[in-house]
Amino acid sequence: MASFSFKSSGTRISDRSVSTEKFTKKQRDIGIKTPLKNSQGHQIFDMHQDPADQIKDNLRNLILTNFGERLGLYDFGADLSALVFEFTNNPAVESEISERIETAIQKYMPGIQIESISEIDLDKNEKEEINRLGLAKIRLRIVYQIPSARIGNQSIDVTLQGGG
């Protein structure tokens, strides 16, 4: 019969010492940053640690997604790509953009309260380039808050563009 030695199988309770690792505040990963990249090197993708940043990233993805682009959720997104072309011809397009954004947020991110949605003017060089290439481009600023998380006074800039 073989005999076993359990001397190297662990430590005794009396051998334990207080470690400072337990008491240091570690940041937890909440979600994946988009666009996907790996600049930190210790994980497959960079991750958000701040809830406000993760919500901003999710909101940007919701606004820039068009119907049919999200697998399994056909109506996910604000579906704004068709409205980019109507921007110069239709004076009510700004209200339609606001309505679509608010509807998408109400359905998929109801904890967010929209304060304002406004168009940001493009600079002169951008306007000239867009006109030369025959493109359509709109830049929006969305100001919002998240009352349940006590996050206020947040804004996000989104650029919508399409070919002409």
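Values in this text are rule-based calculations from the coordinates and carry no lab data. None of these values were measured; they are calculated from a predicted model. Note that each Cβ is placed from the backbone with ideal geometry, even for glycine, and that neighbours are counted across all protein chains shown.
List of remarks:
- Among residues other than ASP46 with Cβ under 9 Å from its Cβ, the summed charge is +2 (Lys and Arg +1, Asp and Glu -1).
- Within straight-line cross-link reach of LYS26, lysines at Cα separation under 30 Å, skipping those fewer than 8 residues along the same chain: LYS37, LYS56
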